Amino acid sequence: PRTIRLADYQPYSHLVERVELTFRLHPTATRVRAALHMAANPAARAGQDLRLDGEGLRLISCAIDGRAVQPILDATGLTLAVGVLPAQPFVLETEVEIAPEGNTALEGLYMSKGMYCTQCEAEGFRKITYYPDRPDVMARFHVRIESDLPVLLSNGNPVGQGAGWAEWDDPWPKPSYLFALVAGDLRAHPGDFTTMEGRAVSLNIWVRPGDEGRCAWGMEALKASMAWDERVYGRAYDLDVFNIVAVDDFNMGAMENKGLNIFNSKAVLASPETATDDDFARVEAIIAHEYFHNWTGNRITCRDWFQLCLKEGLTVFRDQQFSGDLRSHAVKRIEDVLMLRARQFREDGGPLAHPVRPDSFVEINNFYTATVYEKGAEVIGMLKRLVGDADYARALDLYFDRHDGQAATIEDWLKVFEDTTGRELSQFKRWYTEAGTPRLSVTEDWADGVFTLTFGQVNPPTPGQPQKAAKVIPVAVGLLNPNGDEVVPTMVLEVTEERQSFAFKGLATRPVASILRGFSAPVLLERVVPAAERAFLLAHDTDPFNRWEAGRSLAKEVLARMILDGAAPSADLLDGLRRIAFDEGLDPAFRALALRLPGEDDMAATLHAAGHVPDPARIYAARRALHLALAEHLGPRLPALEEACRVPGAFSPDAAAAGKRALRLASLSLLARLDGGAAARAAYRAADNMTESFGSLAILLDIGAGESELADFAAKWQQDRLVLEKWFAVQVSAAAPDKVADVVRKLTQRADFDWKNPNRFRAVIGALSGNHAGFHHASGEGYALLADWLITLDPKNPQTAARMSTAFESWPRYDADRQAMMRGALQRIMAAPGLSRDLSEMAGRMLG
Ligand code: B3K
Ligand code: ZN
């Protein structure tokens, strides 16, 4: 397979001014007629052949300006020699036939439970019709759909409909990856919104009959997002309608198609009985994310797929700001950093490490990664910190002004910041072009009333990038005096050298430093801090993120000692966590997060980074021992805490109520170690919402109980595909390490384990690799099972198979036996006949 390189970028030979598409829908023989109004691109080399992408299409006819022509066809597209192309603008017409019913890859036009839908990003449009399927070709689309199905949707505004047809027109030029079409027997949950410009927009969430009752939350989130983008970024919506459609078979969360967002049902449907607080928060965030793409992604798109972070990093950053504004900034930041470390640091420290803006790929779908998304968002957060809020706002205004309607690059993005602030950003740009998590060390010195912090940065080698120069690292720092008062409020130190010192003068006593406040840069902070000082920060830090971080680092140090030398849990940690748990002045959501112990995969990464070889079984045992010790330490006061966290009255998914439920579940989980699950069982029985019923079920399973609750849950939710996913997943995640493989085998033999549905596949197989001690069990069964399932799925759905193969990326951390077994599994995958480009690129990169 061919490697595509950023350095080879060339503008497309032609411009497509307008496209008219006609779909005659049929499960096995859909006809697509396309009329492309084209002209030579003055910015491209003259005299080129016309090349259109196309895959799996049966060409019926092809004509230029009404005259039939014979193109040259191959496996990836169609070529018309320059000799047959008119010198003046022309219309190229094609008709093709495709079979959506057999499309199990869920890319292009496919069917899900009787409805037609599309997924075109990144390169799915070429499976629908012949087209220059690249983001820098922006055109106005007019779409006619012919079908007997009652609801026919596409991008833009509706311009006509009758029995068996509908027409849509999108006035905004867009790349083909934003095209969408939906047809089905759907019901609408309607809403409306009037923009600050006075445009009345009708909003609809379209679902299959029966799901109407689960749309209200998504609709509220949509309206909140529209209002927020106007208020904070000055961006108004630009069409008369905004449609969201829920689809059961979908490869990811959702897709931002212009005016017609398509969502995985799981990412939009929510009701108190069926969705947990986490589900509610996720739905809100994904609705916002896709909506925000209307400006960052759609109005301004990417020149080529190497610039993916231009839209994704920025849109993640915006959805994080939104969730923080609606909920709690401190809690949101902690959750985002947990996720960044769990997924992005893991990726950045292994064989799949790549820059936020990669410079080559084989299959672009493999680059929708935590690095492009989450690190891409961190880079924007750093930029904002460096230039300040006011200049960030001015730069964004300039960005929208200057690049509206364009397909832009990271160079364009950085230029608006340079032009706004006069700063030179070439060193900063390394965050985009170099992979790897920088290690930042700090030492302190106190002499003659001067406190000095000395930073050292190391930028580790990553695949293809052995050597790196120093980066610009914004380090937010505050100083506290020994009674806990802040003597130097948060300021940003700009570390730009490999070694650099900063002195603080005029201090009466030696301060305690709170470093990297708010996690101001995505780095690994290496700092030797006495346990007592961590405990002090856990009790007194005025920065909520660092207060949580102090407890987290202390917990990691304690756990590491327990794992490596069988030490006992330290009193510093247990006392500190007890103080937080019962501190009623603190947000319950924050307290719940503080009580959450570092995960097993996190500990494996931490031990590996410190030069040890992690033993999954020991990590598992030590973590449980620490949880038990914490339960015993908090013991007598847990029942009162659990009771105080019950939320009276009707269920509301708001952040305050959700925070209380999270703390309640954290206390129930601790209590379960002491009372054999009695309190959790009572909570399960009394629960009137999914958060508490599912949460208490998970707690019971985790202590090896909960048989009857599990059966009760299954009986109750048999018919509900989304809730049933939770039932599948929790059994795997909660299974003891030596039981996981059996549980997976049993579940995958069930008739309702429809493995071609990505949600169901992820529920079981994703939970398998998420169960650290089980997946890495010394028997190697976890590895073998995952490899078997990836090999089975790949021919049907390469994208999801490739995505889930990343479970193997952590192989270099482990002992020789495990390394050999994990690499063996990857080699077995590589050897599978007919392996997809997607999965072979991933397995190949992991093997190195
Ligand atoms: N842009 C889509 C992701 C497309 C993934 C293609 N493999 C959703 C999002 O980031 O909003
Ligand atoms: Zn996105």
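The values are calculated or read from the model by the stated rules, or taken from the named source; none is laboratory data. A quick note: this is a predicted structure, and the numbers were derived from the prediction, not measured. Methodologically, a virtual Cβ is constructed for each residue, glycine included, from the backbone with ideal geometry; neighbour enumeration extends over all protein chains shown.
Taken as a whole, the structure places Glu93 among residues that are under 24 Å from His26 (Cβ atoms), part of a strand (DSSP E or B) and touching a residue at least 40 places away in the same chain (Cβ under 8 Å). Taking the stated definitions as given, is Ile699 of a type in the set (Val, Ile, Thr) and closer than 19 Å to Asp277 by Cβ? Spelling it out, Ile699 is indeed of a type in the set (Val, Ile, Thr) and closer than 19 Å to Asp277 by Cβ. On inspection, Ala288 qualifies as within 12 Å of ligand 2 (Cβ to nearest atom), among the small types (Gly, Ala, Ser) and either within 18 Å of the chain's Cα centre (by Cα) or surrounded by 24 or more Cβ atoms within 10 Å (Cβ to Cβ) (or both). Quick one: which residue in Gln457, Gln467 is surrounded by 16 or more Cβ atoms within 10 Å (Cβ to Cβ) and at negative phi? Among Gln457, Gln467, only Gln457 is surrounded by 16 or more Cβ atoms within 10 Å (Cβ to Cβ) and at negative phi.
Residues in the range 465-483 that are in a loop (DSSP other than H, G, I, E, B), in contact (Cβ under 8 Å) with a residue 12 or more places away in the chain and more than 11 Å from Pro511 (Cβ to Cβ): Lys468, Ala469, Ala470, Lys471, Val472. Only one entry in Ile4, Ile98, Ile72 is over 29 Å from Leu153 (Cα atoms), at pLDDT 95 or above and within 37 Å of the chain's Cα centre (by Cα), namely Ile4.
The requirement of being away from ligand 2 (no atom under 16 Å from the Cβ), surrounded by fewer than 19 Cβ atoms within 10 Å (Cβ to Cβ) and among the basic types (Lys, Arg) is not satisfied by Arg346. Taking the range 291-307 as the range and being more than 9 Å from ligand 2 (Cβ to nearest atom) and part of a helix (DSSP H, G or I) as the test, the residues that pass are Tyr291, Trp305, Phe306, Gln307. It is to be established whether one or more residues within the range 267-277 are farther than 17 Å from Ala662 by Cβ and either under 14 Å from the mean Cα position of the chain (by Cα) or within 16 Å of ligand 1 (Cβ to nearest atom) (or both). For the range 267-277, residues farther than 17 Å from Ala662 by Cβ and either under 14 Å from the mean Cα position of the chain (by Cα) or within 16 Å of ligand 1 (Cβ to nearest atom) (or both): present.
The condition of being touching a Gly at 6+ places or on another chain (Cβ under 8 Å), away from ligand 1 (no atom under 15 Å from the Cβ) and aliphatic (A, V, I, L, M) does not hold for Ala330.
Looking across Gln88, Gln161, one residue alone is among the polar types (S, T, N, Q), more than 30 Å from Thr296 (Cβ to Cβ), assigned to a loop (DSSP other than H, G, I, E, B) and more than 16 Å from ligand 1 (Cβ to nearest atom). It is Gln88.
Per-residue answers, yes or no, for (1) within 16 Å of ligand 2 (Cβ to nearest atom); (2) assigned to a helix (DSSP H, G or I); (3) surrounded by 20 or more Cβ atoms within 10 Å (Cβ to Cβ); (4) not charged (D, E, K, R):
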residue	(1), (2), (3), (4)
Glu101	no, yes, no, no
Thr129	no, no, yes, yes
Arg134	no, no, yes, no
Leu149	no, no, no, yes
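Residues considered: Thr490, Thr509, Thr542. Of these, the only one that is outside the structural domain of Thr371 (by TED's automatic domain parsing) and part of a strand (DSSP E or B) is Thr490.
Determine whether Asp279 is away from ligand 2 (no atom under 13 Å from the Cβ), in a helix (DSSP H, G or I) and out of contact with any Leu (no Cβ under 7 Å at 6 or more places or on another chain). It is true that Asp279 is away from ligand 2 (no atom under 13 Å from the Cβ), in a helix (DSSP H, G or I) and out of contact with any Leu (no Cβ under 7 Å at 6 or more places or on another chain). Taken together, the residues in the range 103-122 that are part of a loop (DSSP other than H, G, I, E, B) and either within 16 Å of ligand 2 (Cβ to nearest atom) or out of contact with any helix residue (DSSP H, G or I) (no Cβ under 9 Å at 6 or more places or on another chain) (or both) amount to 6.
Of all positions in the range 693-709, none carries a residue that is assigned to a helix (DSSP H, G or I), over 30 Å from Arg646 (Cβ atoms) and touching a residue at least 24 places away in the same chain (Cβ under 8 Å). Do we find that Pro833 is in contact with a His (Cβ under 9 Å, 6 or more places away or on another chain), surrounded by fewer than 16 Cβ atoms within 10 Å (Cβ to Cβ), modelled with pLDDT of 95 or more and not acidic (Asp, Glu) in this structure? When the stated conditions are applied, Pro833 does not pass them.
Entry remark, the range 429-444: residues being buried (at least 18 other Cβ atoms within 10 Å of the Cβ) and over 24 Å from the mean Cα position of the chain (by Cα) number 2 in total.
Which of the residues belonging to the range 282-320 are away from ligand 1 (no atom under 11 Å from the Cβ), within 17 Å of Pro355 (Cβ to Cβ) and among the acidic types (Asp, Glu)? Listed by number, the list holds a single entry, Asp304. Residues that are of a type in the set (A, V, I, L, M) and touching a residue at least 24 places away in the same chain (Cβ under 8 Å) within the range 719-755 comprise Leu722, Val723, Leu724, Ala729, Val730, Val732, Ala734, Ala735, Ala736, Val740, Ala741, Val744, listed in sequence order. Within the option set Ala825, Ala778, Ala787, being part of a loop (DSSP other than H, G, I, E, B) and closer than 23 Å to Lys746 by Cβ holds for one residue only, Ala778. Restricted to the range 344-387, and to residues there that are within 12 Å of ligand 1 (Cβ to nearest atom) and not hydrophobic (A, V, I, L, M, F, W, C), the residue that is nearest to Thr496 (Cα to Cα) is Gly376. When Glu424, Glu486, Glu418, Glu444 are checked against the criterion of being within 26 Å of Arg394 (Cα to Cα) and in contact with a Leu (Cβ under 9 Å, 6 or more places away or on another chain), a single residue qualifies: Glu418.
Just wondering, is there one or more residues in the range 367-374 that are farther than 24 Å from Ser520 by Cα, outside any loop (DSSP other than H, G, I, E, B) and within 16 Å of ligand 2 (Cβ to nearest atom)? Yes, the range 367-374 contains a residue that is farther than 24 Å from Ser520 by Cα, outside any loop (DSSP other than H, G, I, E, B) and within 16 Å of ligand 2 (Cβ to nearest atom).
So that you can scan it fast, the table gives a plain yes or no per residue for (1) out of contact with any strand residue (DSSP E or B) (no Cβ under 6 Å at 6 or more places or on another chain); (2) surrounded by fewer than 14 Cβ atoms within 10 Å (Cβ to Cβ); (3) among the small types (Gly, Ala, Ser):
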| residue | (1), (2), (3) |
| --- | --- |
| Glu17 | no, no, no |
| Leu21 | no, no, no |
| Pro27 | yes, yes, no |
| Ala34 | no, no, yes |
| Met38 | no, no, no |
| Ala43 | yes, yes, yes |
| Gly47 | yes, yes, yes |
| Leu52 | no, no, no |
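Applying the criterion of at least 2 residues that are touching a residue at least 12 places away in the same chain (Cβ under 8 Å) and under 26 Å from the mean Cα position of the chain (by Cα) to the helices (runs of 4 or more DSSP H) found wholly in the range 561-644 leaves 588-595, 600-609. Taken as a whole, the structure places Gln799 among residues that are within 16 Å of ligand 2 (Cβ to nearest atom) and outside the structural domain of Phe367 (by TED's automatic domain parsing).
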